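Just below is one structure, and these are the notes that go with it.
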Amino acid sequence: MFKILVVEDDIKIRNIILENMKRWEYEGLGVDDFNEVFNIFVEFNPHLVLLDINLPAFDGFYWCNKIREVSKVPIIFISSRNSNMDIIMSVNMGGDDFVQKPFSLEVLMAKINALLRRTYSYTDIQTNVIEHNGVVLNLKDNNIIYNEKRIELTKNEFKIIYILMKDSRNVVSRDNIMRKLWEDESFVDDNTLTVNINRLRKKLSDIGLNDFIKTKRGQGYIIE
């Protein structure tokens, strides 16, 4: 089932769109907290985003740019703004289509269906991110994003935090981490792992993530 995220400030329009999604057997999710659009996007992992331009706090162009940092998921702008500059901005920011309000639901669904068909017939697009408590690990460029701050990780640092975030809330033993790194042709002995963990913790602390990786003495590490 295709999942569609609806970022629309007008509750009436949002509900009409979501109701129509059910008829097409799509899973729709409407955003209520417009300060958390990016985090909701990461958690929901939609196949397509409907994005209004006029939104509280940050506009649709801002959120489109944030999404494009981590994903090539199709984005359709829906807006009452219809100047050439708005349409050009939508395309330049990474939008795939533009629908002007008021719009026909039939036309909107036709555009959604066509875009989904074009996108997922030829490619397997994923968001390429892991998110945990507002911390976003970008799997494409080995970066971590938290509260608008970004840090770059080395190859081993990335693999370590990927292992821990993928198995968050569970303790991962040092032996298990070293075994997985060894399988990835990246030899890490016990001392090297300690150095990498300490360096990783220092980088996380620099962006306000103190104690993000916790030590369970005699057991291993955990991200709670």
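I'm trying to understand the selection: among the residues of region 154-173, which are outside any helix (DSSP H, G or I) and under 19 Å from residue 191 (Cα atoms)? Walk me through it before giving the result.
Going through region 154-173, the residues outside any helix (DSSP H, G or I) turn out to be 154, 167-173.
Scanning region 154-173 gives 154, 172, 173.
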Item to check | Test set (1) within 23 Å of residue 145 (Cα to Cα); (2) free of Cβ contacts under 8 Å to residues at least 12 places away in the same chain - residue 23 fails condition number | outcome: (1)
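Taking the options 78, 67, 40, name whichever one is crowded, with 16+ Cβ neighbours inside 10 Å, of a type outside the set (Ser, Thr, Tyr) and either in contact with an Asp or Glu (Cβ under 6 Å, 6 or more places away or on another chain) or modelled with pLDDT of 95 or more (or both). Reasoning before the result, please.
Values: 67 fails: either in contact with an Asp or Glu (Cβ under 6 Å, 6 or more places away or on another chain) or modelled with pLDDT of 95 or more (or both); 40 fails: either in contact with an Asp or Glu (Cβ under 6 Å, 6 or more places away or on another chain) or modelled with pLDDT of 95 or more (or both).
The match here is 78.
Given the structure, is residue 3 touching a helix residue (DSSP H, G or I) at 6+ places or on another chain (Cβ under 7 Å), at pLDDT 90 or above and closer than 20 Å to residue 109 by Cα? First the steps, then the outcome.
Details: touching a helix residue (DSSP H, G or I) at 6+ places or on another chain (Cβ under 7 Å): yes; at pLDDT 90 or above: yes; closer than 20 Å to residue 109 by Cα: yes.
Answer is yes for this residue.
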Checklist outcome for this item: Conditions (1) touching a Cys at 6+ places or on another chain (Cβ under 8 Å); (2) assigned to a strand (DSSP E or B); (3) of a type outside the set (Ser, Thr, Tyr) -> residue 28 fails only (1)
Checklist entry - Among all residue pairs at least 6 apart or on different chains, which show Cβ distances below 7 Å where the first residue, located in region 187-205, is touching a residue at least 40 places away in the same chain (Cβ under 8 Å) and the second is of a type in the set (Asp, Glu)? => result 196/157; 199/157; 200/157
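Of the residues that make up region 8-18, is at least one surrounded by 21 or more Cβ atoms within 10 Å (Cβ to Cβ), outside any helix (DSSP H, G or I) and either within 19 Å of the chain's Cα centre (by Cα) or modelled with pLDDT under 95 (or both)? Spell out the reasoning first.
From region 8-18, those surrounded by 21 or more Cβ atoms within 10 Å (Cβ to Cβ) are 8, 17; that's our starting set.
Keeping just the survivors that are outside any helix (DSSP H, G or I) gives 8.
Applying the additional criterion that residues be either within 19 Å of the chain's Cα centre (by Cα) or modelled with pLDDT under 95 (or both) yields 8.
Within region 8-18, one or more residues are surrounded by 21 or more Cβ atoms within 10 Å (Cβ to Cβ), outside any helix (DSSP H, G or I) and either within 19 Å of the chain's Cα centre (by Cα) or modelled with pLDDT under 95 (or both).
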Checklist entry - For residues in region 32-76 being assigned to a loop (DSSP other than H, G, I, E, B) and in contact (Cβ under 8 Å) with a residue 60 or more places away in the chain, which is nearest to residue 132 (Cα to Cα)? => result 45
Checklist entry - Of all residues in region 132-144 being over 13 Å from residue 212 (Cβ atoms) and in a strand (DSSP E or B), which is modelled with the highest pLDDT? => result 143
Next on the checklist: Here is a check on your reading of the model: is residue 108 farther than 30 Å from residue 162 by Cα, in contact (Cβ under 8 Å) with a residue 40 or more places away in the chain and not assigned by TED's automatic domain parsing to the domain that holds residue 208?
Outcome noted: yes
Next on the checklist: Tally up the residues in region 46-101 that are touching a Cys at 6+ places or on another chain (Cβ under 9 Å) and among the polar types (S, T, N, Q), please.
Outcome noted: 1
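The values are calculated or read from the model by the stated rules, or taken from the named source; none is laboratory data. These numbers come from a predicted model, not from an experiment. Note: ideal-geometry Cβ built from the backbone for every residue, glycine included; neighbour counts use all protein chains shown.
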